[in-house]
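As structure tokens, the structure follows; a few thoughts come after it.
The values are calculated or read from the model by the stated rules, or taken from the named source; none is laboratory data. Computed from a predicted structure; not experimentally measured. FYI the Cβ positions are ideal-geometry reconstructions off the backbone, even for glycines, and counts take in every protein chain you see.
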Ligand code: PMP
């Protein structure tokens with residue numbers, strides 16, 4: 001029988017590896033591997049889900065008007081320029097499907113998020129990786145990496161897994177410098193952690209070649225219900241809506257996200273607590289001889305002498321019930337990404353790294 005084959009390039013896609021959530025034979029686990037909010041979703045979001053459960057027999061809204069309106073009000077945006085997706089992953093996917101195909105190039109940075117490559121390849125396009133400078137997005141390198149074939153340029157700001165970010169002037173220079181046929185995608189999955197940063201929303205409004213993506217998975221603590229959104233010029237929103245499934249978000253997900261975005265007090269509390277513990281954790285790790293770059297997100301990229309030491313530390317942490325993220329797949333073999341947890345988790349991970357550095361194995 002003839003072998004049924006997928007589209008060219010599909011089998012070159014490396015499977016996405018999520019953060020681990022358990023270690024065999026170890027209990028009392030603390031999971032610091034997926035940049036989740038240690039405080040979970042707000043009470044308001046949970047209550048909204050309890051109410052939405054009674055609507056499970058109904059199809060959800062196809063145009064997400066209540067959620068888009070709520071996002072627009074909270075962030076001071078135009079609801080007509082918003083599209084909602086199954087996580088921001090889905091918005092990334094729509095962008096690649098709609099704008100990049102065979103023969104086209106999708107530029108992403110050396111330590112950029114894995115989905116850019118996956119979605120580009122799934123669309124039949126060619127991902128093009130450009131260097132960063134000391135784990136910081138390098139605008140000149142990106143501009144040098146663009147060609148006549150470039151259709152999309154992805155940067156995450158703050159970046160995952162480095163935690164670093166670049167300023168608005170650099171982003172504007174990038175938007176101005178990319179080729180005319182290309183769209184700059186500003187992935188703001190961690191934008192909420194940066195006080196006063198709009199994720200590039202104003203730039204989206206000022207230009208016709210910039211798209212911003214955001215998520216409810218991080219600060220809002222809703223990774224499990226899968227809601228993200230994009231902010232883009234109207235004609236791009238129109239294009240993306242044509243390939244969006246009409247019922248891509250469930251009633252439960254829509255209700256949770258709408259309540260979460262309106263709960264300003266909870267957002268503020270989680271942001272402040274993250275900043276406090278991130279500073280504490282970075283300093284504690286440094287005292288144990290483990291440096292990191294200044295992070296602007298809800299994780300720290302802890303750097304070790306080499307891959308061997310990073311992996312040995314990871315194994316020691318696992319043995320002690322702490323799961324962090326290896327990032328060798330992001331060209332960072334000598335580092336471990338540690339999510340900023342609650343105070344007890346931060347103390348536990350810092351203490352255990354300290355024991356490791358003191359020679360325990
Ligand atoms: N962008 C970045 C930079 C991320 O780190 C993540 C989550 N790991 C996402 C996008 C996707 O998040 P989600 O699909 O949950 O919105």
Q: Quick one: count up the residues across segment 291-316 that are touching a helix residue (DSSP H, G or I) at 6+ places or on another chain (Cβ under 7 Å) and not in a helix (DSSP H, G or I).
A: 8
Q: Find the helices (runs of 4 or more DSSP H) located wholly in segment 8-125 whose residues include 1 or more that are in contact (Cβ under 8 Å) with a residue 40 or more places away in the chain, within 14 Å of the ligand (Cβ to nearest atom) and buried (at least 19 other Cβ atoms within 10 Å of the Cβ), and list them.
A: 65-75, 87-99, 114-122
**Q.** Condition met for residue 291 (more than 21 Å from residue 189 (Cα to Cα) and assigned by TED's automatic domain parsing to the domain that holds residue 332)
**A.** yes
Q: Say whether the condition of being within 13 Å of the ligand (Cβ to nearest atom), in a helix (DSSP H, G or I) and in the same structural domain as residue 88 (by TED's automatic domain parsing) is met by at least one residue in segment 246-253.
A: yes
Q: Identify, from the list 106, 53, the residue that is assigned by TED's automatic domain parsing to the domain that holds residue 150 and within 20 Å of the chain's Cα centre (by Cα).
A: 106
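Here's the yes/no breakdown for (1) under 24 Å from residue 156 (Cβ atoms); (2) surrounded by fewer than 17 Cβ atoms within 10 Å (Cβ to Cβ); (3) touching a strand residue (DSSP E or B) at 6+ places or on another chain (Cβ under 7 Å); (4) outside the structural domain of residue 187 (by TED's automatic domain parsing):
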position: 298; (1), (2), (3), (4): yes, no, yes, yes
position: 310; (1), (2), (3), (4): yes, no, yes, yes
position: 330; (1), (2), (3), (4): yes, no, no, yes
position: 342; (1), (2), (3), (4): no, yes, no, yes
position: 348; (1), (2), (3), (4): no, no, yes, yes
Q: State whether the residues of segment 165-182 include one that is under 21 Å from residue 338 (Cβ atoms) and under 18 Å from the mean Cα position of the chain (by Cα).
A: yes
